[in-house]
Amino acid sequence: MDVLISELIERTSDSIHSFEYSHSTVSQYQMAWRALAAYFRDHGQALFSRSLAEQYLQESKTKLEAGIIKHWRHQLNCRTVHVLLECFETGRIAWKYYEDPPVYLHQSAFLRLYPDYLDHLQAEKKAAGTLQTYGVVARQFLEYLEQRKIQEIAAVGLNEIGAFIPCISKQYRPASMRTVLTALRCFLRYVEAQDLTPIRLSNALPGSMGRVSPIVPTLTREEEQHLLEAAEPLRATASGKRDYAMLLLALRLGLRSIEIIRLKREDIHWHSNTIEIVGAKSGRRLVLPLLAEVGNAVADYILNGRPASPLPYVFLSSAAPYRCLSGHANCYGISRKLMAKAGIRQEKGARRGFHCLRHSLATRLLANGTPLPIISSLLGHQNKESTKVYLSTDLERLRACALPLRGIEVSQEELR
């Protein structure tokens, strides 16, 4: 069936109106479709072509790996092409989640190795976040090998490992490269254990990396108050009730973004005033007190703001089709919006995510004299050493550690 690319875009655009997407989402789809239409024009193609659309996605992926476009833009390209393909093949669009693009591996050895490695990680009972990160890094490494025309792991040398690191660093922030290298080391040690390589490939990775002590982003008490005051008037709307409840879960209980969006109604025990969840990183069961302020905000949303839905999750999207919030981006959008309204942390480069609120809770507990082991338990840290980073925020105790300058006076002549 032949159809003009412009006609297919118009037909698909009409079909998604039933999903009641927000105006900004529709605008993003239109922007991506305009870019796709321009790509077809540049290739002298007026009719829609599946092969050319797939070529467009492959070039989008190449730009992502080269650092030319961001991950969100590549995901948008994938989603918009997928719905065009569905409309082209079936004549209609059925709403669904559009996951990340499939793994682009072609070598049979890699196609067998990749799922075997994922099974190994699951057998090791890695946490969900670790599974995803380690799997992504392994896939990126195998795709890199294919681009270099390497057909099996046995042919990989130490030079390929060394060349991959600066290549992959274009896709990650410097602070994330420590995790990337840990994930890559795990994969290389797996292939070594399976006798798939004659050399110790993991030797090409640095044995250790210097850790830079981070400056933990926190809010002052005044900033916390401004934030809550800015969020309070928004509670007149359903989405405002949701955002306020999510804000308090991060600010008062220190929940991570992923723990908030995965919170289920069955996790809230109203009779005992507790919230029981599985920590996103530790995998351990956490029992947290349901403070009255937090419980009232969550109950207000459930009773007066949450749309009717059989989904078990507490927090849902505010527009149909009602679904679970998709990830960190939703939480970041909420906190960024509220901080902008409150006029706090608007400096360039300032951290504005929910993790900043989690840091604020730890800092406040530390200032009140709460022992580090208790703070670690409340925050769900698997390694209690992770909590020590908050010691840098306790200014009063740091001042007590400062050494006096008496005895090292310098004369004016020495300064010249």
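If I filter the range 341-362 for residues that are of a type in the set (S, T, N, Q), at pLDDT 80 or above, over 18 Å from Thr237 (Cα atoms) and open to solvent by 80 Å² or more (accessible area, probe 1.4 Å), do I get at least one hit? So far as the range 341-362 goes, yes, one or more of its residues are of a type in the set (S, T, N, Q), at pLDDT 80 or above, over 18 Å from Thr237 (Cα atoms) and open to solvent by 80 Å² or more (accessible area, probe 1.4 Å). Pairing residues of the range 47-73 that are over 15 Å from Glu89 (Cβ atoms) and modelled with pLDDT under 85 with residues that are of a type in the set (Val, Ile, Thr) and assigned to a helix (DSSP H, G or I), at Cβ distances under 9 Å and at least 6 apart in sequence or on separate chains, gives Glu65/Ile168; Ile68/Thr62. Considering Tyr332, Tyr313, Tyr301, the condition of being surrounded by 14 or more Cβ atoms within 10 Å (Cβ to Cβ), among the aromatic types (Phe, Trp, Tyr) and in contact with a strand residue (DSSP E or B) (Cβ under 8 Å, 6 or more places away or on another chain) is satisfied by Tyr313 alone.
A Cβ distance below 9 Å, combined with a sequence gap of six or more or placement on separate chains, defines the contacts here; from the range 258-274, residues that are closer than 20 Å to Glu293 by Cβ and open to solvent by 10 Å² or more (accessible area, probe 1.4 Å) reach no residue that is of a type in the set (Gly, Ala, Ser) and part of a strand (DSSP E or B). Considering the range 153-191, and only residues there that are among the basic types (Lys, Arg) and under 12 Å from Ser202 (Cβ atoms), the residue that is surrounded by the fewest Cβ atoms within 10 Å (Cβ to Cβ) turns out to be Arg189.
Can Gly295 be described as open to solvent by less than 20 Å² (accessible area, probe 1.4 Å), out of contact with any Leu (no Cβ under 9 Å at 6 or more places or on another chain) and modelled with pLDDT of 90 or more? So that I can check it myself, show each step before the final result.
Details: open to solvent by less than 20 Å² (accessible area, probe 1.4 Å): yes; out of contact with any Leu (no Cβ under 9 Å at 6 or more places or on another chain): yes; modelled with pLDDT of 90 or more: yes.
So Gly295 fits the description; yes.
The values are calculated or read from the model by the stated rules, or taken from the named source; none is laboratory data. The structure displayed is predicted, hence computed values, not measured ones. Cβ: placed from backbone, ideal geometry, glycine included. Neighbour counts: every protein chain shown. Quick note on the areas: whole protein, heavy atoms, side chains included, nothing else; ligands and nucleic acids left out. Shrake-Rupley method; radii C 1.70, N 1.55, O 1.52, S 1.80 Å.
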